[in-house]
Each structure stands twice: as C-alpha cells, then as structure tokens.
Amino acid sequence: MKNRTLGNNGFEVSEVGLGCWQIGADWGSEIAKNEAEQILDKAAASGITFYDTADVYGDGRSEKLVGEFLKKQEKTVKVATKFGRDGAIFPDNYTERGLRDCVEASRKRLGVEKIDLLQLHCIPIEELKKGDIFDLLRTLQKEGKIAHFGASVESVEEGLICLEQDGLQSLQVIFNIFRQKLVKELLPQAQAKGVGIIVRLPLASGLLTGKFTKDTSFEENDHRNFNQNGEVFNVGETFAGLPFEKGVELTDELKKMCPENMTLTEMSLRWILDHKAVSTIIPGASSSKHIAANATVSELPSLSNELMKTLEEFYTTKVYSHIRGNY
C-alpha cells in the first residue's frame, strides 16, 4: 500500500482508505458486530491506515466500532469523523453548545483525546458562507480537541467556499468516472492551496463494480432503493446522481474500455488515484472479502494517457447530461 500526505502539514494516509458508513448499519442489511470487526481488521492487515466515519452513522454505532478497533492499532492509524447532520442541530440550529456536544460525543465514542480530522458533514451552504462554524473549528484545534479540520461537501460551489477558509486541511468529495466536473476547477484549486482531497463514493454506489443489471433490486431500507431520485437526501449520494437504468447502460459501455487484466472496479479506482490532487479514496465494504481487492489498486500501474482522454470524452459526451442534483 502506498501512502500520500493529506494536505500541507498534514499526515500520511494510505492511498486506499475505508469508508465506515456500512458498519453503522444505516441502510441495507445490518452488519453484525463480528463481521464489522472482521472488515476493520482485514483493512488494517491490507495496509489501510485511514478510516472515515461520522457521528450519525448508525446513531454512533460506526464510531463506537472504530473506537474499539483503534485500541488494538498502532498510532499510524488515522481516523476522520464528521459532524453537523445530527438532528439536534441540522439544518438550522448550529449553536456553539450544540456543536460542542457533538464533538464531545464523538471523542467519547472513538475513545480519543484528540480527533485526527474533524469534518463538516454536508452542512447547508448558508452556514458555510457565514463562516462562524470554521471559527469554532479553529478554536477546537487550539484547545487540542482536534488535530485538523476539513469539510465534506456536495458541490463545487460548496468546495470553493470552504477553500477560502484558513487552516482547512481537506475536502471530502464525490468523485468518480461518472462525476468528473471537479477536475476543471475544484481539484486544481485545492492542490494549489495544499488542501487534501478525500474521495467518497468512488464506485458510484456499486455501479462501477459492473455487477448490476437493470433488473437488480435492493432492499427496502437500502438508499439505493429509497433515494434513487433524491427522495431523502442529495441524489448525488446515490449512483452519483445517475438514473439507475442509465447508469447500468453506461457501465456496460465502460466494461469495453478496461485494459487487459484489469477489472472495471480496478480501472475505476485507479482512474481516481491517477489524479494527483487526490490524497485517498474511501470505498466502503459490506464484507471483509472486498477489502483486499480494493487495497491492491494502490499497486496497479497508472492508466495510459490515451485511456484517460477516452474516459474524459465518454463523460463529456455520454454521462454529463444525465447527472442530477446539486453538483
């Protein structure tokens, strides 16, 4: 596993990290505690040193599991969590007391004195523009409760607003072959400012594994069922904002572009890592068997310039017009 640095004056992270939404059991089949522990242990054994969670994943269950995992790990392991979507403060009650309560609860569940990276969790753009919440983050940093701070965002506009803030360590973004808008403006500006990029949904909610057909169905409580059109939260968080059937159709076209001896999953993850502005990708895993395969992408050769151009043209001519939601 290769490492990169998360922003200027940051810390080393594995190129492939682990997104811990699934182990919080917010959607789909609940992952038993022993299976969640196996996923985390397999990630560590595969060289993964960066773990991303949030206070609302399973109402704190994900943070608790990660906290128990941390007790067994060396100090090289880094954990990022997120706050700002708790029902007590979201969407319009961002008081200092409420925010501090969230941070204290995360510290307790994770079992740490200082959180490695605390990120805003897709909070309303009006709060980002006001800037008060960033002042609080800087205060928490001075108090020694967090080492670094960043923001998870849903659009280029939100990301650019955050980049104006002093001390911003990282941006967490949706970025994949189906969602390339960030390449033109946000990624170059983040790189110029020394802000790290954490990529979530690198496989577009599983579309880019190539395993789905138009007849694939999902469980009732799976966001890939109930949020296909943005019924509950930003549609971009599900299938990168593509209508499901169109996404399957486009995925079938992508399969034909894969290099010899490379799967669609591998090509999709490698494509992201071939953007130098990216610090780490955080695919989730519902089973420990997925971990090792994702981790090996760090050692794969870069895609050719010709293929990179082909995938850019594919996005521009066939994908872009179908993307929905705040982008």
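The values are calculated or read from the model by the stated rules, or taken from the named source; none is laboratory data. Note that the coordinates shown come from a computational prediction; the quantities given were computed from them, not determined experimentally. So basically every Cβ, Gly included, is an ideal-geometry build from the backbone, and we count neighbours across all protein chains shown.
Some observations on this one:
- Residue within segment 244-258 that is within 13 Å of GLY206 (Cα to Cα), assigned to a helix (DSSP H, G or I), touching a residue at least 60 places away in the same chain (Cβ under 8 Å) and touching a strand residue (DSSP E or B) at 6+ places or on another chain (Cβ under 9 Å) present: no
- Subset of segment 192-213 (residues that are touching a Gly at 6+ places or on another chain (Cβ under 7 Å) and farther than 11 Å from ILE174 by Cβ): GLY194, VAL195, GLY196, LEU207, PHE212
- When GLY194 is tested against the conditions (1) in contact (Cβ under 8 Å) with a residue 60 or more places away in the chain; (2) surrounded by 15 or more Cβ atoms within 10 Å (Cβ to Cβ), the lone failure is (2).
- Per-region count, segment 152-182, residues in contact with a helix residue (DSSP H, G or I) (Cβ under 8 Å, 6 or more places away or on another chain) and either under 16 Å from ALA204 (Cβ atoms) or of a type in the set (D, E, K, R) (or both): 14
- Residue within segment 164-180 that is basic (Lys, Arg) and out of contact with any Phe, Trp or Tyr (no Cβ under 8 Å at 6 or more places or on another chain) present: no
- Meets criteria (surrounded by fewer than 16 Cβ atoms within 10 Å (Cβ to Cβ), small (Gly, Ala, Ser) and closer than 30 Å to PRO91 by Cα) for GLY206: no
- Residue list for segment 205-238, restricted to those being free of Cβ contacts under 8 Å to residues at least 24 places away in the same chain and among the hydroxyl-bearing types (Ser, Thr, Tyr): SER217
- The listed residues are ASP55, ASP92, ASP41, ASP101, and the only one of them that is of a type outside the set (Ser, Thr, Tyr), in contact with a Phe, Trp or Tyr (Cβ under 8 Å, 6 or more places away or on another chain), farther than 24 Å from ILE197 by Cα and touching a residue at least 12 places away in the same chain (Cβ under 8 Å) turns out to be ASP41.
- Among residues of segment 220-243, those that are in a helix (DSSP H, G or I) and over 18 Å from ILE174 (Cα atoms), counted: 2
- Selection count, segment 274-299, where residues are touching a helix residue (DSSP H, G or I) at 6+ places or on another chain (Cβ under 8 Å) and closer than 21 Å to LEU187 by Cβ: 9
- Criterion (surrounded by fewer than 19 Cβ atoms within 10 Å (Cβ to Cβ) and either at pLDDT below 95 or within 28 Å of TYR51 (Cβ to Cβ) (or both)) met by exactly one of VAL199, VAL232: VAL232
- Residue within segment 86-94 that is closer than 17 Å to ARG61 by Cα, buried (at least 17 other Cβ atoms within 10 Å of the Cβ) and in contact with a strand residue (DSSP E or B) (Cβ under 7 Å, 6 or more places away or on another chain) present: no
- Against the list (1) surrounded by fewer than 16 Cβ atoms within 10 Å (Cβ to Cβ); (2) more than 26 Å from VAL156 (Cβ to Cβ), the condition VAL248 fails is (1).
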